[in-house]
Amino acid sequence: MSAPAKTFRLAILISGRGSNMAALIDAAQPGKIPDAEVAVVISDQSSASGLQRAKDCGIETLVVERRGRPREEHDREIVAVLRERQIDLICLAGYMRILSREFIEAFRGRILNIHPSLLPSFPGLEAQKQALAQHVKVAGCTVHFVDETLDGGPIIAQREVPVRDDDTVETLSARILEQEHELYPEAVATVLARAQATQAAKS
Ligand code: GRF
């Protein structure tokens, strides 16, 4: 008899409005991301508006503020929270902190990020502004694994959007964001399907 499908426990890390977080939460309801539940949403900012949205969905929320501590100490606290809750996959969704090596090693291959450009073009801050400054004709978004490089880990999925001549940072960002909300759940489903297949092969 084959082993029952595992339910993967997701953590989402945010710093702000959390629209990608909301897309992941919606998709983890039976449907677009099978066999997954969002177990916790963590923010480094108590003012992050996404926190309320997660609470409204009945999901545990935690604020782990940096409070002037070194990055390693802050990350250690988050890693402890993730381990206590037996988290399988971490989704960074507008989380505005660079992770320490220790954090990445604790969950290597199990941390995803979404970035509003077609990586490896325009890593770092203000990707949409960088794209407009270069007059690119195609922009987009990327979901990738997080490693020690800035927005440089292996790419899981990408989606293109056209750039219009009259685009502003706001109009381009909105067009990209719409695609982010579809791409992130799809990429998470892909990663979990691979993990599910690996597990089935072992059992
Ligand atoms: C998104 O554009 C994401 O690609 C980037 O930060 C933004 C977060 O938006 N990493 P939201 O908080 O998910 O609405």
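Values as computed for the structure displayed
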quantity	calculated
Close pairs from the stretch 24-44: first at negative phi, partner open to solvent by less than 60 Å² (accessible area, probe 1.4 Å) and of a type in the set (S, T, N, Q), Cβ under 9 Å, at least 6 apart	34/196; 40/61; 41/61; 42/61; 43/15; 43/61; 44/15
Residue count for the stretch 178-203, restricted to those that are assigned to a helix (DSSP H, G or I) and open to solvent by 30 Å² or more (accessible area, probe 1.4 Å)	16
Only one of 48, 39 that is surrounded by 14 or more Cβ atoms within 10 Å (Cβ to Cβ), among the small types (Gly, Ala, Ser), in a strand (DSSP E or B) and touching a strand residue (DSSP E or B) at 6+ places or on another chain (Cβ under 6 Å)	39
Residue in the stretch 84-96 that is within 13 Å of the ligand (Cβ to nearest atom) and over 27 Å from residue 159 (Cα atoms) present	no
Residues satisfying the stated conditions in the stretch 116-127, i.e. within 13 Å of the ligand (Cβ to nearest atom) and either in contact with a strand residue (DSSP E or B) (Cβ under 9 Å, 6 or more places away or on another chain) or open to solvent by less than 40 Å² (accessible area, probe 1.4 Å) (or both)	116, 117, 118, 119, 122, 123, 124, 127
Candidate set from the stretch 51-87 (those that are surrounded by fewer than 19 Cβ atoms within 10 Å (Cβ to Cβ) and small (Gly, Ala, Ser)); member that is farthest from residue 105 (Cα to Cα)	58
Total residues in the stretch 168-193, condition aliphatic (A, V, I, L, M) and under 12 Å from the mean Cα position of the chain (by Cα)	3
Cβ pairs under 8 Å, 6+ apart, first in the stretch 141-159 and closer than 17 Å to residue 122 by Cβ, second modelled with pLDDT under 95 and buried (at least 17 other Cβ atoms within 10 Å of the Cβ)	none
In the stretch 146-174, the residues that are open to solvent by less than 40 Å² (accessible area, probe 1.4 Å), over 11 Å from residue 112 (Cα atoms) and either out of contact with any strand residue (DSSP E or B) (no Cβ under 6 Å at 6 or more places or on another chain) or outside any strand (DSSP E or B) (or both)	163, 167, 172, 173
Residue tally, condition over 23 Å from residue 193 (Cβ atoms) and aromatic (Phe, Trp, Tyr), over the stretch 74-107	2
Check on residue 31, closer than 18 Å to residue 64 by Cβ, of a type outside the set (A, V, I, L, M) and either open to solvent by less than 60 Å² (accessible area, probe 1.4 Å) or within 13 Å of the ligand (Cβ to nearest atom) (or both)	no
Residues within the stretch 116-145 that are part of a loop (DSSP other than H, G, I, E, B) and of a type outside the set (Gly, Ala, Ser), tallied	12
Whichever residue in the stretch 88-115 is touching a residue at least 40 places away in the same chain (Cβ under 8 Å) and in a helix (DSSP H, G or I) and, among such residues, is least open to solvent (accessible area, probe 1.4 Å)	104
One residue from 93, 139, 127, 131 being closer than 27 Å to residue 164 by Cβ and touching a Pro at 6+ places or on another chain (Cβ under 6 Å)	127
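The values are calculated or read from the model by the stated rules, or taken from the named source; none is laboratory data. The shown structure was predicted, so the numbers you read here are calculated from the model rather than taken from an experiment. In this analysis, Cβ positions are derived from the backbone assuming ideal geometry, glycine residues included, and neighbour counts consider all displayed protein chains. Accessible surface areas use protein heavy atoms only, side chains included; no ligands, DNA or RNA. Shrake-Rupley method; radii C 1.70, N 1.55, O 1.52, S 1.80 Å.
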